[in-house]
Amino acid sequence: MMTSVNTPALPAVGDLSPQVQLRGIEATKVVLGSGIGMLTNFGPIVIYTFGTFLLPIVNDTGWSRASVAAALAPAALCSGFSQPIVGWLVDRYGPRVFAGFSFALFALGLIALGQLPRDPLSFAIFMGLLGLLGAGQGITAFTYIVTRTFSTFRGFALGIINAASAAGIMLMPAIATFSIAEYGWRNSYAAIGAGVAILGAVAVIWLIPGKERFQKSAASAQSSKLVFGELLSAPIFWMLALAFLLMTLAIQGMIVHMTPLLIDRGFRPVDAAAVMATYGMTMLVARFLLGSMLDRWSPRLVAVVGCLGPVAAGLLLVSTRQTSMVYLAAALLALGAGAESDLIPYTVARQFGVAQLGQKIGLFIVVFAIGVAIGPLMFSAVQALRGNYDIALIASSALMLAASVIFALIPSASLSQNGEKSG
């Protein structure tokens, strides 16, 4: 690992709200409620099922594949760029009130998406609207709850709820496939929306704590200028933002295009699906294990290890066509995806404190959304120009290597002592 630069650790940006420190059954309920939120969040429900819905929508409506596929971009961007507002709302009103509205609006958006669009333009508009209505069903709100509740076992708890999201990524495409075959794509979106509403009601009524559990100390009741002023002026904010952007560009580009890449190389669709299942199962395990490692090891070390997996994955996919190596590449790629989800809330809280935490996490999710939107487009452009993905894969490995160097250069104290005491 490279030696860190000789830069003094920055002071925490903003002051600290006290940790909630629930115990026993109350802490378990927080993890269960947040896990339900992550299981039914925007990623598993919309992003990772979109490929399953794509051809049924095209076949049913006669719309072009390109016009339907293009509708995913406004959904992802509207959701991503709304995250700082989501963070402010969670900070202002508390997680239970916010989650109640969020689950309800997301469910209504899914029902509307299935029933109302009658042409590609209206479908894209409703997808963008779903991105706004479902913005609260992202990682900002639910990682906020866990991060504010836990200190000593924060990484472990984050690993559990991020594993729940990975479980949703694995399960939802299969559920959507069955539902579409039986009831059609329009009714399937409505059925998924109803399921989100039911699970959300369980989480909000019985599991997610109310605002009184998260009351701020008088010292931490500051204006949002603190977050968007001092935070944006901190060099380490930009180092972390750049590292997470590079990770997202590479990982999302590789994973979105993994199936087309394999089919181009002669894999049968069923074999490509098996590779993706390996990715999903490995990511579930990686999110839990890497989250637990954050409680015991330096977050900087966990970040570097998480980056090196996709570096090797990209090089393997370029250099070999062996089936066993492709499965290994998928598993190594999942290692990076698992690290990314755990690292964002954990490092934000460690570096910048838990005061106004929702807004701080939201800023980094904007960076994540930019990577989600641009990474796959980069791969598409390379494939269109070259007829294969080799240059894109090499570039992705280089981006991940650069991200690992940035993490290695961040002073150790910045990821263990700033913002709050090590847990």
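All of the numbers you see were taken from the coordinates with simple rules; none came from a lab. Note that the structure is a prediction, hence the values are computed from the model and not measured. Reconstructed Cβ throughout: ideal geometry from the backbone, glycine too, with neighbour counts over all protein chains shown.
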Fill in the blank from the handout: With Cα springs under 10 Å, the Gaussian network model of the chain assigns the largest mean-square fluctuation among Leu121, Leu377, Leu261 to Leu121
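What size of dipole, in debye to the nearest 20, comes out for the stretch 17-221 about its Cα centre when the only charges are +1 on Lys and Arg C-beta atoms and -1 on Asp and Glu C-beta atoms?
On the way: 12 positive and 6 negative charges, 111 e Å.
Around 540 debye, computed over the stretch 17-221.
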Practice task
For the chain, with a Gaussian network of springs between Cα atoms less than 10 Å apart, report the residue from Gln252, Gln356, Gln115 with the top mean-square fluctuation.
Solution key: Gln115
Completion exercise
In whole angstrom, the spacing between the Cα centers of the stretch 141-176 and the stretch 317-361 equals 13 Å
Completion exercise
Neighbour-count ranking for Ser298, Ser64 (other C-beta within 10 angstrom, fewest to most) reads Ser64, Ser298
Problem - Most mobile of Asn388, Asn162, Asn59 in a GNM of the chain (Cα contacts under 10 Å) - result: Asn59
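Could you tell me the relative contact order of the stretch 283-423? Use alpha-carbon pairs under 8 Å, at least six residues apart, and round to a whole percent.
Details: 152 pairs, mean separation 55.4, N = 141.
Averaging sequence separation for qualifying contacts and normalising by length gives 39 percent for the stretch 283-423.
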Handout entry: Between the stretch 250-295 and the stretch 48-112, the alpha-carbon center distance in angstrom
Key = 22 Å
Practice task
Report, in order of residue number, the helices in the chain meeting two criteria: a C-alpha extent of 27 Å or more along the helix axis, and a mean Kyte-Doolittle hydropathy of at least 0.5; treat each whole DSSP H run as one helix.
Solution key: 95-115, 154-202, 235-256, 269-294, 299-319, 323-352, 357-386, 390-409
Fill in the blank from the handout: Here the Cα Rg-to-2.2 N^0.38 Å ratio for the chain is 0.94
Problem - Fewest-first sequence of Phe153, Phe42 by Cβ atoms within 10 Å of each Cβ - result: Phe153, Phe42
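Can you tell me the dipole magnitude for the chain around its Cα centre, using point charges on the Cβ only (Lys, Arg +1; Asp, Glu -1), in Debye to the nearest 20?
440 debye
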Problem - Student exercise, the stretch 223-418 dipole from Lys, Arg, Asp, Glu Cβ charges, in Debye to nearest 20 - result: 60 debye
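Express the relative contact order of the chain as a whole percentage, based on alpha carbon pairs under 8 Å and six or more residues apart in sequence.
Numbers: 751 pairs, mean separation 126.8, N = 423.
About 30 percent, as a whole number.
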Fill in the blank from the handout: Summing -39500 (n - 2.57) over every DSSP H run of at least 4 in the chain, dividing by its residue total and rounding to the nearest 500, the 222 nm mean residue ellipticity is -24500 deg cm²/dmol
